[in-house]
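Asker: Please find one structure pasted underneath; my questions will follow.
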Amino acid sequence: MSAFNSIALDVMGGDHGSQVILSGAAMALKAMPELCLLLVGNQAEIESSLFSHGIQGELLSRAKIVHADSVVTMDDKATSILKEKKNSSVRVAAECVREGNAYGMVSMGHTGAAMVASMKVIGTLPGVYRPCLATILPTFGSNPIVLLDVGANVDCKSEHLAQFALMGAVYAEEVLGIPDPRIGVLSVGEEDGKGSETTRHALDALRHLDINFGGNAEGRDIWNGKFNVVACDGFVGNVVLKSSEALAEGVFDGLRGSLRKNLLSRIGGLLVRPSMRSFYKKLDYAEYGGAPLLGVKGISIIGHGRSNERAVYNAIRVAASGAKNKIPSRIQERMLHLLHPSHETETT
């Protein structure tokens, strides 16, 4: 197996157990002929389930089981992987990346443990103050938006926000295929003087860089397609993300209920069903797979605990795309070029 094409998958993480994870793994192996997976978890449990998920023959040749003794549960502390649960599946997956056996990892388990494993075991890129969680949100424009941070860093300084924006721009360009992405800082108004001291200083730092910087982004700009990347602290970003997910689910549940009230509405529902499905797919978190943790020395995709097989498949797909586009190296290059241009000239 080539490390460049290999992704370490935490099979034991997630609310629905190993069967959903393995089902998503099978989908990924079938869809991506060059992909290799390190299936990390209880060896006996994984081996007994491979055949039922169609992982056999050629697919099996691209799937290697890496045994892990334990699992980090939601009752465990995120830091348990450093002492009590050194042999947990999420830590072993991170060790596969650190040791060069895989280029990235995917986990649908304990979010905090996955972040600790990524930062402490895989390690942080030189020059990155703090790795950050990014999420991809749909917009009413032609492209989705990268919002970051969405939970890894609750308290941030202006230089952190500036780096989040730069890392998000690399991700938008290399993985989402958005050329010259427009960058903004989330604030309470679009005028330069609006916002906290932290956001105003981040604004000043980004304005002087050779990037497509659009200034302050208001909350509505997350959805209207005005920006491709929006940076904020993890407290605000997580609130935006969770409220957006709840709103999308509530809207569709309400629409379903309304369309089932009587015969006439049911007939109307049948007519709009294809359009509804297409719109729902655009808003469905499963289509985006998981949140990339940017700023570490490898690819790390952290998904919802409630992920279904399609979300697992898409998380693996996103990890493979990040590996193919060498996102960590591109982030490091962009940081060096934009933040320390004189150093780059001296060392080239």
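Asker: Over all alpha-carbon pairs in the stretch 59-135, figure out the percentage whose distance exceeds 18 Å.
Answerer: The answer is 41 percent, as a whole percent.
Asker: Name the shape class, rounded, prolate or oblate, that the alpha-carbon gyration tensor gives for the stretch 89-181, where a ≥ b ≥ c are the square roots of its eigenvalues, rounded holds for a/c under 1.5, and otherwise prolate holds if a/b is larger than b/c and oblate otherwise.
Answerer: Cα axes put the stretch 89-181 in the prolate bin.
Asker: Something else now. Per residue, how big is the convex hull around the C-alpha atoms of the chain? Give it to me in cubic angstrom, could you?
Answerer: Spelled out: Cα convex hull of the chain, divided by residues, is 152 Å³.
Asker: For each of Leu137, Leu209, count neighbouring Cβ atoms within 10 Å of the residue's Cβ, then give the residues from fewest to most.
Answerer: Final ranking by Cβ density, sparse to dense: Leu209, Leu137.
Asker: Would you work out which of Ala26, Ala217, Cys96 lies farthest towards the positive end of the dipole of the chain? Charges go on Cβ: Lys and Arg +1, Asp and Glu -1.
Answerer: Ala26
Asker: In square nanometres and to one decimal, what's the mean projected area of the convex hull around the Cα atoms of the stretch 157-223?
Answerer: Quarter of the Cα hull surface area: 4.3 nm².
Asker: At 7 Å along the Cα-to-beta-carbon direction for both His337 and Asp15, put a label point, then send me their distance in nm to one decimal.
Answerer: Placing both labels 7 Å along Cα→Cβ, they lie 4.1 nm apart.
Asker: Nearest-5 percent of antiparallel DSSP beta bridges in the chain?
Answerer: 25 percent
Asker: Okay, next question. Exposure proxy check: Asp10, Asp75, Asp204 ranked by fewest other beta carbons within 10 Å?
Answerer: Working: Asp10 33, Asp75 7, Asp204 12.
If I rank by nearby Cβ atoms, fewest first, I get Asp75, Asp204, Asp10.
Asker: In which sequence would Val146, Val71 go, from the one with the fewest C-beta neighbours within 10 Å to the one with the most?
Answerer: Final ranking by Cβ density, sparse to dense: Val71, Val146.
Values in this text are rule-based calculations from the coordinates and carry no lab data. Remember, predicted model here, so these are calculated numbers, not experimental data. All Cβ positions, glycine included, derive from the backbone under ideal geometry; neighbour counts span all protein chains shown.
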